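First up is the structure itself, then whatever we jot down about it.
The values are calculated or read from the model by the stated rules, or taken from the named source; none is laboratory data. Nothing here was measured: the structure is a model prediction, and the numbers come from that model. Every residue, glycine among them, receives a Cβ derived from its backbone with ideal geometry; neighbour counts consider all protein chains shown. What goes into the accessible areas is simple: the full protein's heavy atoms, side chains included, and nothing from ligands, DNA or RNA. Shrake-Rupley method; radii C 1.70, N 1.55, O 1.52, S 1.80 Å.
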Amino acid sequence: MKIIAIGRNYAEHVKELNNPVPTTPVIFMKPDTALLKDNKPFYHPEFSQDIHHEIEIVLKVSKEGKHINEKFASNYFEEIALGVDFTARDIQSKHKEKGLPWELAKAFDNSAPISTFLPKDKFADLYNVNFNLDINGETRQKGNTKDLLFSFERIIAFVSQYITLKKGDLIFTGTPEGVGKVAVGDRLEGFLEGEKLLDFYVK
Ligand code: MG
């Protein structure tokens, strides 16, 4: 399986990092070795002094497809979850300055904690889903899918023009504003419509 992630998909987050608002989705990938499941602790890597949390809604691809029409794209995912797109912001900033790819900042081991999945039918409106990340009991990031710049269907249609989507692939759909540094000892709790799905420590 592969993990596709969308950058700059919430306007307020685009602003906080002084990036231009994209006209097409910004995508990057993480390998399967980035996955961190079952609320296992995240061990802070030594190569970065500025690992940022990015809470995101994650889609699980339910069947293979390429050149998917946006009109039918909703048929390609049945479940959603919460994930964290851990980012070594110090490394990313250096690479952005030089125009280099982001993999070292985004694709490292355990950089993609993921919760259990919930059926999308559980949500009355997929474009009015609240989610938040609390650190040590304080809400740091709060988002609602109504603020997505590119919808889930648009992302699936766009990505599948270039890359075949396969059953089980994951799509991280972007983070709202409020990203920031994590420290050893932090407890991260992620909520989807008030239901706690993520609860793990940074060690
Ligand atoms: Mg992200």
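Of all the listed residues (Glu16, Glu54, Glu97, Glu103), the sole one being of a type in the set (D, E, K, R) and open to solvent by less than 20 Å² (accessible area, probe 1.4 Å) is Glu54. Going through (1) surrounded by fewer than 17 Cβ atoms within 10 Å (Cβ to Cβ); (2) within 16 Å of the ligand (Cβ to nearest atom); (3) not in a strand (DSSP E or B) one by one, Lys142 falls short only on (3).
Among the candidates Asn110, Asn144, Asn132, the residue that is more than 30 Å from His95 (Cβ to Cβ) and in contact (Cβ under 8 Å) with a residue 12 or more places away in the chain is uniquely Asn144. The strands (runs of 3 or more DSSP E) falling completely within the stretch 6-123 that include 1 or more residues that are within 12 Å of the ligand (Cβ to nearest atom) and more than 25 Å from Phe191 (Cβ to Cβ) map to 26-30. Within this structure, Asp85 passes the test of being buried (at least 20 other Cβ atoms within 10 Å of the Cβ) and within 30 Å of Lys181 (Cβ to Cβ). The set of residues in the stretch 187-199 being open to solvent by 50 Å² or more (accessible area, probe 1.4 Å) and farther than 16 Å from Leu118 by Cα consists of Arg187 alone. In the stretch 24-40 there is no residue that is open to solvent by 80 Å² or more (accessible area, probe 1.4 Å), modelled with pLDDT under 95 and more than 26 Å from Phe200 (Cα to Cα).
Yes/no matrix, rows are residues, columns are (1) open to solvent by 20 Å² or more (accessible area, probe 1.4 Å); (2) assigned to a strand (DSSP E or B); (3) in contact with a Lys or Arg (Cβ under 9 Å, 6 or more places away or on another chain):
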{"residue": "Leu133", "(1), (2), (3)": "no, yes, yes"}
{"residue": "Phe150", "(1), (2), (3)": "no, no, no"}
{"residue": "Arg154", "(1), (2), (3)": "yes, no, no"}
{"residue": "Ala157", "(1), (2), (3)": "no, no, yes"}
{"residue": "Ile171", "(1), (2), (3)": "no, yes, yes"}
{"residue": "Gly185", "(1), (2), (3)": "yes, no, yes"}
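When the stretch 159-169 is filtered for residues that are open to solvent by 30 Å² or more (accessible area, probe 1.4 Å) and touching a residue at least 24 places away in the same chain (Cβ under 8 Å), the ones remaining, listed by number, are Gln161, Ile163, Thr164, Lys166, Lys167.
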